[in-house]
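**Q** Here it is: the structure, laid out below.
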């Protein structure tokens, strides 16, 4: 989504500075930055000021994110904290670093990417998603709090919180790389056994599959996540930019996000019950 946002706003005449942890993925002006590291974020800001010496910025998109660290109980602490650091502290550090430049302009807009997991903290039955969800809840709350804060202290700066549903991106593929995990085809037999147990708990048919078949299925799952999504990254970027132009503070991306938001609001007490999970799964299965 970040790439598509950069493509679309640069096509409309905006000067764009974009950072990514992988230098091969950066376009416009090139900056390599791990947003979970505040020192790197400060260096990125200084590079932006040197490359775009205007003394202000008008738009700040905090869009970096990875998955991982699904279970607070059974996943590794390092993976949990890295996921949380990218998804939450990346937003916090970048906002801290760049908000003086937003305030310095005649008008500004801060756009923070949360998720549907910022209001529904799971991927479904038997699929804990605690690091990512905790971070996305934090992003949502932080953004809403800043709406009032900036209305008092810098009313010309607006805030939007973006909550995408299932968008066709490379997050499933890139997460493992950022967390230092091997290519799916190189996963050890011991780790495959753990994955097999996780998939079994989620109701997947894994008994008849060999370890190599599971490795291939895991790799294909990352590709399918990108290719089979109901909303493409380009479509998501267009929805986000339309929301920013109309100064929506709350931007849901995708019909699935709209549907899930409505269902959680209608029956919040039931949102983590098995019947609710079944309803969401059946709705997704029946969608065109």
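**Q** If you take the alpha carbon radius of gyration of the stretch 34-144 and divide it by 2.2 N^0.38 Å, what ratio comes out, to two decimals?
**A** 1.18
**Q** Grab the beta carbon distance between residue 205 and residue 273, set R0 = 35 Å, and tell me the FRET efficiency rounded to 0.05.
**A** 0.90
**Q** Determine the equivalent ellipsoid of the stretch 135-287 by diagonalising the alpha-carbon gyration tensor, then write out the semi-axes as square roots of 5 times the eigenvalues, largest first, rounded to whole Å.
**A** Each semi-axis is the square root of five times an eigenvalue, giving 35, 20, 16 Å.
**Q** At 0.36 nm per residue, and after removing the present C-alpha to C-alpha distance, how many nm does the segment from residue 183 to residue 217 gain when stretched out fully?
**A** 11.0 nm
**Q** Okay, moving on. Which peptide among 181-193, 104-116 comes first, and what is the full order, when sorted by highest mean count of other Cβ atoms within 10 Å?
**A** Taking the mean over residues of other Cβ atoms within 10 Å, the ranking is 104-116, 181-193.
**Q** If you don't mind, another one. Please quote Rg/Rh for the stretch 183-228 to two decimal places, taking the Kirkwood radius as Rh and restricting both calculations to Cα atoms.
**A** Across the stretch 183-228, the Cα-based Rg/Rh ratio is 0.96.
**Q** Could you rank the peptides 43-52, 216-225, 269-278 by their average count of other C-beta atoms within 10 Å per residue, with the highest value first?
**A** Those peptides, ordered most packed to least, come out 43-52, 216-225, 269-278.
**Q** Put a dot 7 Å past each Cα toward the Cβ at residue 29 and residue 72; how far apart are the dots in nm?
**A** Here the modelled spin labels are 4.0 nm apart.
**Q** Then there's this: For the Cα atoms of the chain, what angle does the longest principal axis make with the long axis of helix 211-227, in degrees from 0 to 90, nearest 10?
**A** 40
**Q** Sticking with this structure for a sec: Residue 156 versus residue 125, label points 7 Å from Cα toward the beta carbon: distance in nm?
**A** 5.5
**Q** Could you bin all the Cα-Cα distances of the chain into 5 Å bins starting at 0 and give me the percent of pairs in each, rounded to whole numbers?
**A** Spelled out bin by bin, the chain gives 1, 5, 11, 16, 19, 17, 13, 9, 6, 3, 1, 0, 0 percent.
**Q** Quick one: helix 255-266 against the long Cα principal axis of the chain, what's the angle to the nearest 10°, folded into 0 to 90?
**A** So the helix axis and the longest Cα principal axis differ by about 80 degrees.
**Q** Still on this structure, please answer the following. Please compute the length gained on full extension between residue 38 and residue 224, using 0.36 nm multiplied by the number of residues separating them and subtracting their Cα-Cα distance.
**A** So the chain would gain 63.6 nm between residue 38 and residue 224.
**Q** Using the Kirkwood radius over Cα pairs, work out the Stokes-Einstein diffusion coefficient for the stretch 104-157 at 25 °C and 0.890 mPa s, in µm²/s as a whole number.
**A** Working: Rh = 12.5 Å.
The calculation lands on 196 µm²/s.
**Q** Want the number for residue 10 to residue 281: 0.36 nm per residue separation, take away the alpha-carbon distance, what's left?
**A** My answer for the length gained is 93.8 nm.
**Q** Against the longest principal axis of the chain, how steep is helix 90-104, in degrees 0 to 90 to the nearest 10, with axes from Cα atoms?
**A** On a 0 to 90 degree scale, this one is about 20.
**Q** So what is the relative contact order of the stretch 183-228, in percent, for Cα pairs below 8 Å that sit 6 or more residues apart?
**A** Rounded, it is 51 percent for the stretch 183-228.
Since every read-out is calculated from the coordinates, none of them should be taken as a lab result. Quantities reported herein were computed from a predicted structural model and do not represent experimental measurements. Using ideal geometry, Cβ is built from the backbone for each residue, glycine included, and neighbour counts are taken over all protein chains shown.
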